[in-house]
Amino acid sequence: MCGITGYIGKTNGLPFIIQGLKRLEYRGYDSAGISYIENSKIKTYKKKGTIHILEKNIPGNINSTALIGHTRWATHGEPSDNNSHPHNDCNNNLSIVHNGVIENYSILKAKLLEEGHKFTSDTDSEILAHLIEKCYDNDLLSAVRESLRYLEGPYGLVILSAKEPDKIIAVRNGSPLVLGIGEDAMYVASDVNALAAYTRNVIYLEDRELAVLTANSYRTYHFESGEIQKTIDKIDWDLVEMEKKGFKDFMEKEIFEQPESIGKTMKGRILKEFATSKLDGLNMRTSELEQIKEIHFVACGTSLHAAMIGAMWLENYVRIPCRCEIASEFRYRNPVVRADTLYFAISQSGETKDTIGAMQEIKIKGGKVYGICNVAGSTIARLSDGGVYLHAGPEIAVASTKAFTSQLAVLALFTLLIGRSRNLSPSVGMQWISEFEALSSNMDKILAQMDHIKSIAQKAKNYKNFLFLGRGLHYPIALEGALKLKEITYIHAEGYSAAELKHGPISLLDKDMPVMFIIPKDELYDKVFSNLQEVKARTCKVFCIATEGDTRVKEMADDVIYIPESREMFTPFLTVVPLQLLAYYVAKLLGKPVDQPRHLAKSVTVE
Ligand code: G6P
């Protein structure tokens, strides 16, 4: 969702602006643009479509030391050249890029129109350029600060001015921005991925903070309290993790990386000697763990599905009542927040607006909220009272895969930790640890079946609809399987509890409605098997994910993908992998842009 880059330095900043935007492509976008200063004038180029299209439309000889760039994900106004960013003021003296939504833009726009400002787009963002123009009196910083007083809604904003070409200003209120501190150059971007190739030293702006950057200085301010000192953080991961490493797509790489990424998530977190785990980032003493009466999870999308499984584990094995809620619903229903409830926000990106909103609601009501996220230094990580990083490495494909299994790993480790502080015996703890240790090789066994899964994808690709059914721990997996398929293949897919079949979806069943059953050998196996028979009797094609050696399922199903036998608790780590691969191969066969599916964004920074 909208990517921002900005540069001020002593040499040509165009390579950073373009490379940086490319590093942000994964966030999702529909148009791209740049502005820069040349001979004391602002030049702007912007195009609907890819960064590649933009590159073909800009002069080959740009050499500028002050530039801003943007990839847009349309909110107000369709994707078009005019609606693309940057947006400039009436006199082409300043140019802005914006991520977020100016909620009161129509009132502000009406006023600015009345005052004679000329608009060229349908966006909310353009008002920012005109508002700053209106407030400008030979001091860009004062004009920006004055303008901010009028704005409602979230924004990450970078401003370039031909009248003060030695600086750019970056403002954050609700949409992420990171500063990069270089040698004779300062950078700004929506996330660290854009900065990593240029500098390892970064400063995360918080909400209601802004920065004035020049080629060799930066000053940071709080909207209300004036100048502030910020700490410099280090980017600690390797750039090579952001490459495809020989895979065709990031999604393929990330699926196949799971045996390794899950290992990284668990590394150093298992204490065999005491048959438990340790999660240092939580900063919780055993006495605090003991006081927890309930656990609530808030999350969106794939992270929500991981949370649903975590909630089932904790309630079943540790007997703590758990609740799991869509973050966007939680934040607006005036929830009861209690001091003896542990709140977890789960997010790969750490920037999902609705999840942040839910965390803020918990905090306003006096609760403590802990984060489970992948991106270090992200908003959720910084807003959390404590938390656990996934350490899964950068996830670039929009459809989440390795982050999901790493989220499950953290939740299982937490279940072990809190379980051992209560009722869970050392022998059960040790059995779980053996399962943790077997996860990577079990995943390898599933990945090795890629040709078989490709052949199922050949059959699956011809359908317009798909039903995914599972029960218990595999109900969220059914939801996740359906989500993966619809995200990247655009085939309509629904996930249901298999037991709900007869309460509605059964009416959809015919030869054109294939059904994927997630039916490993577990407590509910026989019940799901009955559902399978009901479906088969209605002429549907039936695909199954089942446990190795299950011949009964083989007799009923058109195709089966087998997963290795494991303890019931650990099966979701395995059943999800074939569903990820199936979605991936169907999307490839249909020629879809797997890593960047239409309309979707990796980092959903608006409501
Ligand atoms: C978007 C992405 C999904 C992701 C969801 C939650 O919808 O396309 O893949 O699951 O956001 O993102 P988060 O970063 O909070 O896990």
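The values are calculated or read from the model by the stated rules, or taken from the named source; none is laboratory data. All figures in this text were calculated on a predicted structure; none of them were measured in a lab. Here Cβ is always computed from backbone atoms with ideal geometry, including for glycine, and neighbour counts include all displayed protein chains. Surface accessibility is based on the protein's heavy atoms, side chains included, excluding ligands, DNA and RNA. Shrake-Rupley method; radii C 1.70, N 1.55, O 1.52, S 1.80 Å.
Report the full-extension gain for the segment Ser440 to Lys293: residue separation times 0.36 nm, less the Cα-Cα distance, to one decimal in nm.
Separation in residues times 0.36 nm, less the Cα-Cα distance, equals 49.6 nm.
Semi-axes of the equivalent ellipsoid of the chain: what are they in whole Å, largest first, if each equals the square root of 5 times a C-alpha gyration tensor eigenvalue?
Listed largest to smallest, the semi-axes of the chain are 45, 27, 22 Å.
Length gain on complete extension for the stretch Lys118 to Glu329, per 0.36 nm per residue less the alpha carbon to alpha carbon distance?
Roughly 72.1 nm would be gained on extension.
Viscosity 1.002 mPa s, temperature 20 °C: what is the translational diffusion coefficient of segment 164-214 from Stokes-Einstein with a Kirkwood Rh over Cα pairs, rounded to a whole number of µm²/s?
193 µm²/s
I'd like the carbon and sulfur percentage of the solvent accessible area for segment 449-595, probe radius 1.4 Å, heavy atoms only, ligands and nucleic acids excluded.
Using a 1.4 Å probe with all protein chains present, segment 449-595 comes out at 49 percent carbon and sulfur.
Over segment 87-165, one equal point on each Cα, no solvent: what is log10 I(q)/I(0) by the Debye formula at q = 0.11 Å⁻¹?
-0.23
Which FRET efficiency value, to the nearest 0.05, is calculated for Glu241 and Lys10 with the Förster distance at 30 angstrom and r the Cβ-Cβ distance?
So, using R0 = 30 Å, E works out to roughly 0.50.
Suppose all protein chains stay in the model; what accessible area per residue would a 1.4 Å probe give for the chain, in Å²?
So the chain comes to 38 Å² accessible per residue, rounded to a whole number.
Place a +1 charge on the Cβ of each Lys and Arg in the chain and a -1 charge on the Cβ of each Asp and Glu, then give the dipole magnitude about the Cα centre in debye, rounded to the nearest 20.
Here the chain has a charge dipole of around 600 debye.
When the dipole is taken about the Cα centre of segment 1-114, and only Lys, Arg (+1) and Asp, Glu (-1) are charged at their Cβ, what size is it in debye, to the nearest 20?
So the dipole magnitude of segment 1-114 works out to roughly 260 debye.
Please work out the FRET efficiency for the pair Glu273 and Ala448, using the Cβ-Cβ distance as r and a Förster radius of 35 Å; give the result to the nearest 0.05.
Step by step, r from the Cβ atoms, then E = 0.55.
Starting from the exponent 0.38 and prefactor 2.2 Å, build the expected Rg for segment 242-442 from its residue count and divide its actual Cα Rg by it.
0.99
Report the extension gain between Lys511 and Asp526 in nm, rounded to one decimal, defined as 0.36 nm multiplied by the number of residues separating them, less their alpha carbon distance.
Numbers: separation 15, 0.36 × 15 = 5.40 nm, distance 2.41 nm.
Contour length minus Cα-Cα distance gives 3.0 nm.
Once every DSSP H run of n ≥ 4 in the chain is given -39500 (n - 2.57) and the sum is divided by its residues, what mean residue ellipticity at 222 nm do you get, rounded to the nearest 500 deg cm²/dmol?
Numbers: 19 runs with 211 residues, N = 607.
So the helix-based figure for the chain works out to -10500 deg cm²/dmol.
Taking a ≥ b ≥ c as the square roots of the Cα gyration tensor eigenvalues, with a/c under 1.5 meaning rounded and otherwise prolate when a/b beats b/c, else oblate, which class fits segment 31-155?
Cα axes put segment 31-155 in the oblate bin.
Restricting attention to segment 102-171, which GluC sites (Glu not before Pro) occupy a DSSP loop and are surrounded by at most 15 other Cβ atoms within 10 Å?
Glu103, Glu115, Glu152
List the aspartates and glutamates whose alpha-carbon lies under 17 Å from that of Lys264, not counting same-chain residues fewer than 8 positions away?
Qualifying aspartates and glutamates at Cα under 17 Å: Asp236, Asp238, Glu241, Glu254, Asp280, Glu395, Glu435, Glu437, Asp444.
How much space per residue, in cubic angstrom, does the convex hull of the C-alpha atoms of segment 123-239 take up?
Dividing the Cα hull volume of segment 123-239 by its residues yields 109 Å³.
Using the reciprocal of the averaged 1/r over all distinct C-alpha pairs, how large is the Kirkwood radius of segment 450-607 in Å?
By the Kirkwood definition, the hydrodynamic radius is 15.7 Å.
Suppose R0 equals 51 Å; then what is the FRET efficiency for Gln19 and Ala537 from their Cβ-Cβ distance, rounded to the nearest 0.05? Let's see the in-between values first.
Details: r = 57 Å, r/R0 = 1.12.
FRET efficiency, Gln19 to Ala537: 0.35.
Over segment 377-457, how many percent of alpha carbon pairs lie in each 5 Å bin up to the one with the longest distance?
Once binned at 5 Å, the Cα pair distances of segment 377-457 give 3, 11, 15, 19, 18, 13, 11, 7, 3, 0.
Output the relative contact order of the chain, whole-number percent, from Cα pairs under 8 angstrom with separation of 6+ residues.
For the chain, the relative contact order is 12 percent.
Grab segment 1-121 and count how many Lys pairs have their alpha-carbon atoms under 21 Å apart, sequence gap of 8 or more, or different chains.
Qualifying lysine pairs in segment 1-121: 16.
With each pseudo-label sitting 7 Å past Cα toward Cβ, what's the Asn316-His599 distance in nm, one decimal?
The two pseudo-label positions are separated by 3.4 nm.
What is segment 3-236's relative contact order, in percent, from Cα pairs under 8 angstrom and six or more apart in sequence?
Values: 580 pairs, mean separation 47.4, N = 234.
Contact order relative to length: 20 percent.
Leaving ligands, DNA and RNA out of it, report the carbon-plus-sulfur percent of the accessible area of segment 242-442 at a 1.4 Å probe.
Percent of accessible area from carbon and sulfur atoms in segment 242-442: 51.
Return a whole-number percent for the relative contact order of segment 449-595, with Cα pairs under 8 Å and 6 or more residues apart as the contact set.
Computed value for segment 449-595: 30 percent relative contact order.
Please give the helix 14-23 orientation as an angle from the longest Cα principal axis of the chain, in degrees from 0 to 90, rounded to the nearest 10.
20 degrees
Select from Ile346, Gln533, Ile563 the residue farthest towards the positive end of the dipole of the chain; place +1 on Cβ of Lys and Arg, -1 on Cβ of Asp and Glu, and compute about the Cα centre.
Among Ile346, Gln533, Ile563, the one farthest towards the positive end of the dipole of the chain is Gln533.
Sort Trp432, Trp73 by heavy-atom solvent-accessible area, probe 1.4 angstrom, most to least.
My answer, sorted largest first, is Trp73, Trp432.
Lysines near Lys368 by alpha-carbon distance under 18 Å, same-chain residues fewer than 8 away left out - which ones?
Excluding near neighbours in sequence, the set is Lys293.
Tilt of helix 105-114 relative to the longest C-alpha principal axis of the chain, in degrees (0 to 90, nearest 10)?
Between helix and principal axis, roughly 20 degrees.
Name the residue from Asn201, Ser147, Met186 whose Cα lies farthest towards the positive end of the charge dipole of segment 116-201, charges +1 on Cβ of Lys and Arg and -1 on Cβ of Asp and Glu.
Asn201
Round to a whole number: what % of the accessible area of segment 3-236 belongs to carbon and sulfur, probe 1.4 Å?
45 percent
Rank His70, Leu289, Ala438 by how far each Cα sits towards the positive end of the charge dipole of the chain (+1 on Lys, Arg Cβ; -1 on Asp, Glu Cβ) and give me just the farthest.
Ala438
What is the dipole size for segment 303-435, taken about its Cα centre, with +1 at each Lys and Arg Cβ and -1 at each Asp and Glu Cβ, in debye to the nearest 20?
Around 320 debye, computed over segment 303-435.
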